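Peer 1: Have a look at this one.
The values are calculated or read from the model by the stated rules, or taken from the named source; none is laboratory data. What you see is a predicted model; the values in this text were computed from it and never measured. Note that each Cβ is placed from the backbone with ideal geometry, even for glycine, and that neighbours are counted across all protein chains shown.
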Ligand code: C2E
Ligand code: CA
Ligand code: CA
């Protein structure tokens with residue numbers, strides 16, 4: 001027998017002699033012990049340290065697999081030890097292995113308490129565990145990153161619970177179930193309830209209230225009705241990018257840091273809760289308009305501070321939706337209003353707060369009816385494509401056409417793509433709609449000869465599996481040469497998933513297609529950063545073009561961007577050109593290609609063809625096979 005019997009958890013009771021085998025000890029008098037199953041030895045030390053701290057003077061028996069742990073438990077039982085707690089460290093493990101281990105422990109040691117250490121954000125293991133264990137209150141999860149105070153508190157509760165159950169069982173066994181039996185039963189129940197209540201209402205990562213706890217607190221405040229409650233829902237912008245690029249540990253670390261910074265801003269009587277991954281809920285009482293404004297401004301400031309996580313400087317921003325309690329005093333109503341306001345804040349560009357008001361209700365209604373109408377629109381052919389010419393700055397020669405989708409809704413009339421494309425993005429409809437757009441645009445372009453067609457591919461579409469292969473297939477189906485295709489992407493489509501984007505861009509470029517970066521100047525990234533991706537040209541956003549003729553600064557910015565782009569081998573298209581003056585300034589600044597009402601509005605495929613035919617008469621058209629230059 002191993003000498004590791006010394007690694008025993010001593011909780012209570014008189015000692016039983018080690019030498020004398022005692023097959024059926026009184027449970028509460030036996031020496032409880034902890035058995036730890038750790039297939040991977042990496043995290044053993046930190047868990048053992050937590051056991052030491054929680055249950056001082058003892059260690060735990062560590063086994064590489066469940067079979068050995070159960071054998072050891074069986075042997076030690078004959079010497080007066082009882083396996084009280086099984087700690088299963090299955091970080092990075094296989095759900096099947098965990099389920100199998102739990103099944104075996106429950107079968108062999110039904111009285112033991114179970115603690116499972118898991119990687120946070122791995123619901124497969126978590127679900128596997130819950131499916132196997134009949135009484136889920138027996139299970140305690142400890143999520144990584146390993147936070148020792150949590151582990152210690154949980155181990156203490158488990159030991160207490162085990163002890164209380166053992167006493168109750170003893171009392172029942174000895175026929176002494178009167179007062180003592182009831183008392184211990186009550187203690188055990190209370191301990192279980194306390195743990196369950198706490199776990200049910202708190203977030204294990206930050207220790208603050210979770211969604212259930214938040215709603216319970218809000219409801220009780222609204223019911224008390226003494227003070228006016230204001231709810232703020234706060235969501236971190238682009239948090240997913242942190243998780244994806246730096247990993248979940250970094251994401252968790254950032255959430256904790258932001259959480260504690262926000263906690264310091266909370267006014268008296270305020271409540272802060274973590275409602276989900278990167279979403280927080282706040283309640284404040286009797287706040288004035290000015291008070292709400294100042295509080296939100298401070299929250300936005302602390303959320304937006306640069307922080308060091310996982311060795312990197314990370315900066316995110318936040319969006320906030322604010323709602324004040326209404327006459328109904330219903331928590332559902334106030335949460336819904338705050339949620340609408342939060343969505344509006346995000347739609348309006350993030351990094352801001354937005355209060356709920358009646359106008360928002362109207363906007364939401366329209367949005368909903370657009371959302372509901374999109375699918376029918378696609379099925380019944382309500383969409384059509386329009387094409388806007390892109391011309392050379394020098395001679396006005398048509399280089400290509402940007403494909404722009406149009407929706408003539410029987411219910412709403414013409415709806416702008418600026419309105420319905422984001423809705424389609426949100427619902428996922430953009431995948432089917434985008435497929436339709438791509439195929440239609442390729443078909444139309446096939447008919448007009450020379451110039452290229454430039455298709456907008458939204459972020460969600462571009463992040464889809466095999467998107468590049470899909471686009472290539474559509475080109476083949478339409479019999480359109482890849483050299484006559486340009487894909488327009490926004491920065492978000494690239495930085496949301498850098499690796500996937502880089503791969504897709506390479507595939508498209510290798511096939512001979514061009515890639516344009518749309519709306520340049522409205523995002524965050526610099527040209528030198530974007531240069532690492534395979535991009536052929538940038539489209540300077542209309543907001544810059546609007547100012548170039550009036551404001552010298554804008555003209556200088558455009559000129560320097562164009563120069564930098566050229567030095568990086570990228571061409572420049574200026575969008576939204578409406579006047580001769582803009583045209584002159586942009587040409588002087590070095591833009592190779594121009595697009596805007598000055599040269600043609602979005603038109604039907606027939607009109608586009610007619611434009612080309614007319615142009616071929618006076619030579620203002622790039623003939624099929626001509627090199628298409630986007631920069632000078
Ligand atoms: P965008 O990609 O930046 O498209 C350019 C927008 O500017 C188009 O608006 C175009 O009609 C407009 N425009 C072009 N020249 C001028 C001008 O001189 N003056 C003014 N005032 N506007 C000009 P549109 O067609 O309403 O599209 C709006 C946005 O909707 C597009 O912005 C794009 O983000 C999205 N969108 C449009 N069609 C599609 C599509 O087929 N797929 C995807 N994913 N998005 C699309
Ligand atoms: Ca575009
Ligand atoms: Ca654009």
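Peer 1: In this structure, is residue 68 surrounded by fewer than 19 Cβ atoms within 10 Å (Cβ to Cβ) and modelled with pLDDT of 80 or more? Break it down into steps so the answer makes sense when it comes.
Peer 2: Working: surrounded by fewer than 19 Cβ atoms within 10 Å (Cβ to Cβ): yes; modelled with pLDDT of 80 or more: yes.
Here the answer is yes, as residue 68 does meet what is asked.
Peer 1: Right, here's the next one. Has segment 437-450 got any residue that is in contact with a helix residue (DSSP H, G or I) (Cβ under 6 Å, 6 or more places away or on another chain) and within 16 Å of ligand 3 (Cβ to nearest atom)?
Peer 2: no
Peer 1: Hey, among 533, 462, which residue is surrounded by 16 or more Cβ atoms within 10 Å (Cβ to Cβ), within 16 Å of ligand 1 (Cβ to nearest atom) and in contact (Cβ under 8 Å) with a residue 12 or more places away in the chain? Before you say what the answer is, go through the steps one by one.
Peer 2: On the way: 533 fails: within 16 Å of ligand 1 (Cβ to nearest atom).
After applying the criteria, what remains is 462.
Peer 1: Name, by its number, the condition in (1) within 16 Å of ligand 3 (Cβ to nearest atom); (2) assigned to a helix (DSSP H, G or I); (3) buried (at least 20 other Cβ atoms within 10 Å of the Cβ) that does not hold for residue 501.
Peer 2: Among (1) within 16 Å of ligand 3 (Cβ to nearest atom); (2) assigned to a helix (DSSP H, G or I); (3) buried (at least 20 other Cβ atoms within 10 Å of the Cβ), residue 501 violates only (1).
Peer 1: Just to be sure before I move on: is residue 497 within 18 Å of residue 431 (Cα to Cα) and either more than 16 Å from ligand 2 (Cβ to nearest atom) or in contact with a helix residue (DSSP H, G or I) (Cβ under 9 Å, 6 or more places away or on another chain) (or both) in the structure I sent? Talk me through it step by step, then tell me what you get.
Peer 2: On the way: within 18 Å of residue 431 (Cα to Cα): yes; either more than 16 Å from ligand 2 (Cβ to nearest atom) or in contact with a helix residue (DSSP H, G or I) (Cβ under 9 Å, 6 or more places away or on another chain) (or both): yes.
For residue 497, the condition - within 18 Å of residue 431 (Cα to Cα) and either more than 16 Å from ligand 2 (Cβ to nearest atom) or in contact with a helix residue (DSSP H, G or I) (Cβ under 9 Å, 6 or more places away or on another chain) (or both) - is met.
Peer 1: I'd like the full set of residues that are free of Cβ contacts under 8 Å to residues at least 40 places away in the same chain and touching a helix residue (DSSP H, G or I) at 6+ places or on another chain (Cβ under 8 Å), limited to segment 589-606. Spell out how you get there, then give the answer.
Peer 2: Start the filter on segment 589-606 by keeping residues that are free of Cβ contacts under 8 Å to residues at least 40 places away in the same chain, which leaves 597-598, 606.
Within segment 589-606, just 598 meets the criteria.
Peer 1: Mind checking which strands (runs of 3 or more DSSP E) fall wholly inside segment 246-335 and carry at least 3 residues that are in contact with a helix residue (DSSP H, G or I) (Cβ under 6 Å, 6 or more places away or on another chain)?
Peer 2: Numbers: elements: 271-276, 279-285, 307-309, 312-314, 317-324.
Ranges flagged: 271-276, 317-324.
Peer 1: Would you mention how many residues in segment 276-286 are under 31 Å from the mean Cα position of the chain (by Cα) and either outside the structural domain of residue 329 (by TED's automatic domain parsing) or more than 13 Å from residue 233 (Cβ to Cβ) (or both)?
Peer 2: At the first step, the residues of segment 276-286 found to be under 31 Å from the mean Cα position of the chain (by Cα) are 276-285.
From what's left, either outside the structural domain of residue 329 (by TED's automatic domain parsing) or more than 13 Å from residue 233 (Cβ to Cβ) (or both): 277, 285.
Looking only at that region, the number is 2.
Peer 1: While we're looking at this one, here's another question. Could you check segment 256-284 and list, in sequence order, the residues that are touching a strand residue (DSSP E or B) at 6+ places or on another chain (Cβ under 8 Å), surrounded by fewer than 22 Cβ atoms within 10 Å (Cβ to Cβ) and farther than 24 Å from residue 337 by Cα?
Peer 2: Of everything in segment 256-284, just one residue is touching a strand residue (DSSP E or B) at 6+ places or on another chain (Cβ under 8 Å), surrounded by fewer than 22 Cβ atoms within 10 Å (Cβ to Cβ) and farther than 24 Å from residue 337 by Cα, namely 257.
Peer 1: Moving to a separate point now. Could you tell me which numbered condition residue 295 fails, if it satisfies all but one of (1) surrounded by 14 or more Cβ atoms within 10 Å (Cβ to Cβ); (2) within 29 Å of residue 459 (Cα to Cα)?
Peer 2: In the conditions (1) surrounded by 14 or more Cβ atoms within 10 Å (Cβ to Cβ); (2) within 29 Å of residue 459 (Cα to Cα), residue 295 misses (2) alone.
This table checks each residue for (1) out of contact with any helix residue (DSSP H, G or I) (no Cβ under 7 Å at 6 or more places or on another chain); (2) farther than 24 Å from residue 165 by Cβ; (3) at pLDDT below 85.
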residue	(1), (2), (3)
78	yes, no, yes
87	no, no, no
114	no, no, no
121	no, yes, yes
128	no, yes, yes
145	no, yes, yes
149	yes, yes, yes
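Peer 1: Looking at 513, 603, 611 in this structure, which one is closer than 23 Å to residue 453 by Cα, assigned by TED's automatic domain parsing to the domain that holds residue 453 and buried (at least 23 other Cβ atoms within 10 Å of the Cβ)? So that I can check it myself, show each step before the final result.
Peer 2: Working: 603 fails: buried (at least 23 other Cβ atoms within 10 Å of the Cβ); 611 fails: buried (at least 23 other Cβ atoms within 10 Å of the Cβ).
Result of the check over 513, 603, 611: 513.
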